[in-house]
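Visitor: Got a structure for you, written out below as structure tokens; questions coming shortly.
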Amino acid sequence: MQLEVSPFVFTCPQDARSAPGTFLKMTAKRYSTRKSSANVDGITLLFGHGVGAHKEVWEPIIDDIFRLDTHKCVREAWAVDRQDHGDAALLNSEELARNRPDGVYSYEWSEAIAAFACSPRLQGHRIVTISHSAGAISMVGSTKFIDVENSPYVAMILVEPSMVAAELDPYTEGGIGPLTSAIRVRRDTWASREAAHKWMGSRFPWNIWDPRVLRAHIDHGFKDTPDGNVTLKCNKFHEANAFMDKVAHFDSVDQVGRVCRMLPFHVVWGDRDDIIPEAGKGSISDRSQGRFVASITKMEGGHMLVQENPTNLAVELCRLFETIAAQRARQVQSRL
């Protein structure tokens, strides 16, 4: 199987926080094979990463999906960077430094995702989103910027979404403060990519990552510095600030309740509650609050499922794609 990879740059909608005439950019990659591209009835996958990551952390999973997709459900896959993460952080570096010292808010990425999903490039595509951790906040938030009843989305898959109801406020409990403080003082510069690889590979949490994901992180998450070292593309202060976006954090849970009867949500949790407590996990599917999800799956791993267990996660995602495709087929048949 020869996977074709094409990079793209998408200009995001003008935001009130940007200087007049400036536009942040969102970087993207398209993944397909010659056969999958011809499958116009297949689904298009749209991947959103978590805070501190980038679009390429999904590549081991995307590779496995195209290999495992025996039912030929998938037409193509896209992975996108938040505007202050990954390659987008490089393209937007001047605007971020000049006018956006705090970085990008979750719903700014949401608006860009919605504009991209509704753009001519994806016109006529049936999109299934797959998002991880805080990326789920922005992916769910993108439904605020589209007409859900006539949207290109056919389903959303949330992997360990870091979304909890306001009554379970992790900011009040104090868990977010120490996390962001640790990020701000964390090491972010090494002599070379291989030095960074060796350092991370011997320390938690990177030492429990799948080797393919760690390699992708090293290859695509770093940039060269003028003094000959390497540093992270995502400014660690922007990464820390992303966790402080309380409004989107809570509102995204309510947004599930607003749109779940029109758009099916499938949630995948790890069986190790290392970041999100069990009560928090339950809030996203709390039927008493009108939050209905189509399925809940638990699999081996912790919050960093994408990084720790990509092979088994790809198997689970392919199973969900088959379920989504079958459900859509039944819906179409019922309308005939």
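A short reminder: the numbers here are calculations on the coordinates, not readings from a lab. The structure displayed is predicted, hence computed values, not measured ones. Counting neighbours? That spans all protein chains shown, and the Cβs are built from the backbone with ideal geometry, glycine included.
Visitor: By average Cβ neighbour count within 10 Å, what is the ranking of 122-133, 25-36 from highest down?
Guide: Highest to lowest by the protection proxy: 122-133, 25-36.
Visitor: Right, another one. Rank-order 259-271, 280-292 by packing density, defined as the average count of other C-beta atoms within 10 Å over each peptide's residues, highest first. Write down the numbers at each step before the final one.
Guide: Details: 259-271: 19.0, 280-292: 15.8.
Going by the mean number of other Cβ atoms within 10 Å, highest first, we get 259-271, 280-292.
Visitor: I've got another one for you. Out of all DSSP beta bridges with both ends in the range 154-274, state the antiparallel percent to the nearest 5. List each step's numbers first, then the result.
Guide: Details: 5 of 9 bridges.
Taking every DSSP beta bridge with both residues in the range 154-274, the antiparallel ones total about 55 percent.
Visitor: Counting DSSP beta bridges in the chain, what percent are antiparallel, to the nearest 5?
Guide: 40 percent
Visitor: Pick from 70, 143, 189 the residue whose mean-square fluctuation is largest in a GNM of the chain, springs joining Cα atoms under 10 Å.
Guide: 70
Visitor: Considering only DSSP beta bridges whose two residues both sit in the range 211-332, what percent are antiparallel, to the nearest 5? The partial results should precede the final answer.
Guide: On the way: 3 of 8 bridges.
That works out to approximately 40 percent antiparallel.
Visitor: What dipole magnitude, in Debye to the nearest 20, does the range 57-153 give about its Cα centre under +1 on Lys/Arg Cβ and -1 on Asp/Glu Cβ? Please list the in-between numbers first.
Guide: Details: 9 positive and 15 negative charges, 58 e Å.
Dipole of the range 57-153, to the nearest 20 debye: 280 debye.
Visitor: If you don't mind, another one. Before rounding to the nearest 500, sum -39500 (n - 2.57) across all DSSP H runs of length at least 4 in the chain and divide by the residue total; then give [θ] at 222 nm in deg cm²/dmol. Intermediate values should be presented prior to the final figure.
Guide: Details: 15 runs with 136 residues, N = 336.
Helix contribution divided over all residues of the chain: -11500 deg cm²/dmol.
Visitor: Now for a separate question. By Kyte-Doolittle mean hydropathy of at least -1.0 and Cα axial length of at least 24 Å, which whole DSSP H helices of the chain are selected?
Guide: 310-335
Visitor: Further, regarding this structure: Taking springs between alpha-carbon atoms closer than 10 angstrom, which of 158, 68, 46 fluctuates most in the Gaussian network model of the chain?
Guide: The residue that fluctuates most here is 68.
Visitor: Now for a different question. Quick one: compute the contact order of the range 1-90, relative version, from alpha carbon pairs under 8 angstrom and 6+ residues apart, as a percent. Walk me through the numbers on the way to the answer.
Guide: Details: 155 pairs, mean separation 30.5, N = 90.
Contact order relative to length: 34 percent.
Visitor: Sticking with this one: If you build a Gaussian network model of the chain, linking Cα atoms that sit under 10 Å apart, which residue out of 254, 147, 219 swings the most?
Guide: Evaluated over the chain, the most mobile residue of the options is 147.
Visitor: Pairs of lysine in the range 218-336 with Cα under 23 Å and at least 8 positions apart or on different chains: total?
Guide: Details: 223/233; 223/236; 236/246; 246/281; 281/298.
Lysine pairs satisfying the spacing and distance rule in the range 218-336 number 5.
Visitor: In terms of modelled amide H atoms, which long-range or inter-chain residues lie less than 5 Å from the amide H of residue 46?
Guide: Answer set, sorted by chain and number: 78, 128, 129, 130.
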